[in-house]
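For reference, the structure discussed in these notes is given below.
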Ligand code: ADP
Ligand code: MG
C-alpha cells in the first residue's frame, strides 16, 4: 500500500475514535484525504489589536488582556456566561452560550491571555462570542505566524479537540512525517516550462504558507494539476474514441433528406442552424464517431436539426432514435416529428414506459428487422431488450437529465457505435462545458428564428396581484393561454402543495366556469390524469394552466403567451429561464411575470434583476454560475461534474484553458503517455480514473 493511502487512524494524534469522526464529519479517511483538506482561509496571528481599535468590519481580532468578572446569566437554565476582557485601552465583553462548567474556573485573575475571535456589535459596543483563549507565553507569541490556516470543523470534532487548530496539528504531523512520500504527478519538464511549484512544496505551502506569494504559487500549482488531469482524461477519451470508434460514413444525401428539406420544411433555416448542419455533415463523413453537443437556447430550433440528422442516417440505410427525459416530452417529439415527416413514407414509433405490450412487441420486432426507421422515446430506449438492426444516429434531448453512463449505454447498442448528437437547452457557461463535455465537440445555435418578439419580463410584488389578474384577463380575451407556476421544493412539499391548491382556487374564483377553464398539474397526480390535463391545455381547451415545475422542460404551446411565476424568488436562475422559455414560441408578444414577496435576499434580487434585464441564456448561465457555484448548477449534479477541491470554475477560466492546452500538447507529443518522463502522469491518470472501463483499452 502506498504511504498516503494509510488509514487516518494511524496518523500520530488520531486513533480509532477520532478517525471515525473525521471520516463521518469531513470525509477524511486516509492520509491523502487530510493532505487535500485545505484551509478555507488564513488568519494573521502575528498582529495584535487593542480594544479601542475594534470595529465591526474586522473579520477577527487578537487582543492581549486580562479576564475578570465571570458571570452566569439566565435563571432556571443558565443561558449565557460573560467575562470582561481588559487591556490598557479599555474593556470589552466575552460571551459563551455553552461549556460553562469548564469555563467557570478556567481563567486566573491577573494573568494575561491572548484572546482571538470575531467581534460582533452588541448594543453600542462589541463583544466576542466563544473566543479562542490561551495564556501569554513566549512560545504562544512567537508561534503567531502571519498566515495561520483555518479549517472547517464541526461541534462533534471540536468536542474531541479537533477544532481548526487541532486539525492543523494533524496536518503538521503528517507533513513532518510524510513529506518525502509526496511524489510529483507532473513531469519535471512541464514543471520547469510552466514554472510550477513542486507538488510536495505546494501541499506544504497551502497549509502553512511562508507568505502571500508562495501561497499564491501553491494554489496555482494545485489548481493547474486538478484541471490538467480532468482535461487530460477527457481529451484522452476523445482521442481513444477517434482511434477506436470508427463509425458509419454517411456518403449519401438522399430522398428522405431532400424531400423533407425542399418539400416539407416551411421555413428557411437560420444561419446558426445551417452552420450546425454543416458541422454534423462533416462529422458523419469523417469515418469517426460523431459526439457532438448541441447547445441552443429554448426555442432556437434544435428539433429540426435533430430531424435532419436522423434523415441523413435513414438516407444511408440506417436507423435513428431520439431519447427525451420525460414521457410528455417524448410524446410531443413524436407528435411533431411524425407531422413533419408525414407523407415521406417513414416509419416512426414511440416507445415509453407506458407503451402497451402488443405495441411494444411490434416495435421491438420492427426495430430488429430494420423496418422501423425512427424510434422516439424515454429511458425505455436504453433497456436491454431494445435492439436495433442498424442504429446509425442517436439524438439525446435535454442532456442534463441524463447521466454520462446512460449516454454510453445508448451508444454501446451496436457493434459499430452510432453517431451521437446531444442537445441541451440549458446554456452552460464555457468553463463548465469544457469540464463536463470536454470530450464532446460543441455546436451552438446562437440565433433565434426570425420574427420572434423578445419576451417581456416584469417583476411584480404579491400585493399587485389584482393588476396581474387584470392583465391575464386581457390576454385571455385576445385568445391567448397562460401558465401560472408554483414552486415545489422537496423540504416543504406539503406547504407548497397547499400554496398551489390555494392559488388554483383563487384563480378559479377570478376566472370562473363556464366562461373560463383552468387546468392544474403537479407531480403528485397520477400520470394519466396529468397527461390528460396537459393535453387539454396543449389542445387549447383550457385557458390557464396552474402547475408546478413539471412543465419546465420542452412543452410547446405556441398560443401560450403569459408565464406567471409565483414565489419567483425561490427558483434558481436556470429554472426561471427554462420556465420563461415555455412562452414566446408563437408570433405574439409574450410576457413573463415574476411574482415575489417584498423582502428579498440580495441574491434573489440579483436573480430577478437579471431575468428582467436579459433573455440571453448564456448571460443568465454565467450569472448563475457566479451566484451559486458550479456544483449547484441545475442538472449538473449527476452528469459527472468532478468535485473540485481547489479550482473554481467561476474564477479559474484562464488556468482551465491553459491546463487544457497543456494536456492537448502533451497528448500530441505522446498520445500513449509512453515516454519515461510521462510515466508519472500516466500513473496519476490511472489512479484518478481507474473506474473507467475504457482505460483498459489504452495500451
Ligand atoms: P428548441 O430548440 O427549444 O427545441 P424547437 O425546435 O422546438 O426549439 O423550435 C421552436 C419553434 O421554432 C418550433 O415551432 C419550430 O418549428 C420553429 N422553428 C425552428 N427553426 C425555425 C426557423 N429557422 N424559422 C422559423 N421557425 C423555426
Ligand atoms: Mg426542444
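Derivation of every value follows stated rules applied to the coordinates shown; laboratory data play no part. Nothing here was measured: the structure is a model prediction, and the numbers come from that model. Quick reminder, even Gly has a Cβ in these numbers, built from the backbone with ideal geometry, and neighbours come from all protein chains shown.
A few remarks follow.
- Relative contact order of segment 456-614, defined on C-alpha pairs under 8 angstrom at six or more residues apart (%): 33 percent
- Once the Cα atoms are used to define both axes, helix 679-688 deviates from the longest principal axis of the chain by about 80 degrees.
- Ranking of 201, 69 by neighbouring Cβ atoms within 10 Å, starting from the fewest: 69, 201.
- Cα gyration tensor, segment 217-280 - rounded (a/c under 1.5), prolate or oblate: oblate
- DSSP assigns beta bridges within the chain; of those with both partners inside it, close to 35 percent run antiparallel.
- Stretchable slack from residue 532 to residue 460, in nm (0.36 nm times residue separation minus alpha-carbon distance): 22.8 nm
- Helix 327-340 axis, angle to the chain major axis (alpha carbon atoms, nearest 10°): 40 degrees
- Full extension of the segment from residue 112 to residue 246, taken as 0.36 nm per residue of separation minus the current Cα-Cα distance, would add 40.6 nm.
- Prolate/oblate/rounded call for the chain, Cα gyration tensor, a/c under 1.5 rounded: oblate
- Label-point separation in nm, residue 36 to residue 619, each point 7 Å along Cα→Cβ: 3.8 nm
- Separation in nanometres of the label points that stand 7 Å from Cα toward Cβ, at residue 53 and residue 188: 4.7 nm
- Estimated inter-spin distance, residue 72 and residue 266, nm [label 7 Å along Cα→Cβ]: 8.2 nm
- C-alpha long axis of helix 357-369 to longest principal axis of the chain, angle in °: 80 degrees
- Label-zone membership for segment 533-548, site residue 515, 7 angstrom Cα→C-beta point, backbone N under 18 Å: 542-545
- Between residue 384 and residue 12, the FRET efficiency from the beta-carbon distance, with R0 = 41 Å, is close to 0.20.
- Our analysis of segment 456-614 gives Rg over Rh at 0.93, with the two radii drawn from alpha carbon positions and Rh computed by the Kirkwood formula.
- Residue order, fewest to most beta carbons within 10 Å, for 210, 431: 210, 431
- Gain in span if fully extended, residue 173 to residue 605, counting 0.36 nm per residue against the direct Cα distance: 150.9 nm
- A Förster radius of 22 Å combined with the Cβ-Cβ distance from residue 362 to residue 539 puts the calculated FRET efficiency at roughly 0.20.
- Taking other C-beta atoms within 10 angstrom as a stand-in for reagent exposure, 375, 175, 265 fall in the order 265, 175, 375, fewest first.
- Helix-only [θ]222 nm of the chain, DSSP H runs n ≥ 4, -39500 (n - 2.57) each, per residue, nearest 500: -12000 deg cm²/dmol
- FRET efficiency, 1/(1 + (r/R0)^6) with R0 30 Å, evaluated for residue 612 and residue 478 via beta carbons: 0.80
- Alpha-carbon centroid distance for the pair segment 585-611 / segment 316-363, whole angstrom: 36 Å
- Shape class for segment 47-144, computed from the alpha carbon gyration tensor (a ≥ b ≥ c): oblate, with a/c not under 1.5 and a/b at or below b/c.
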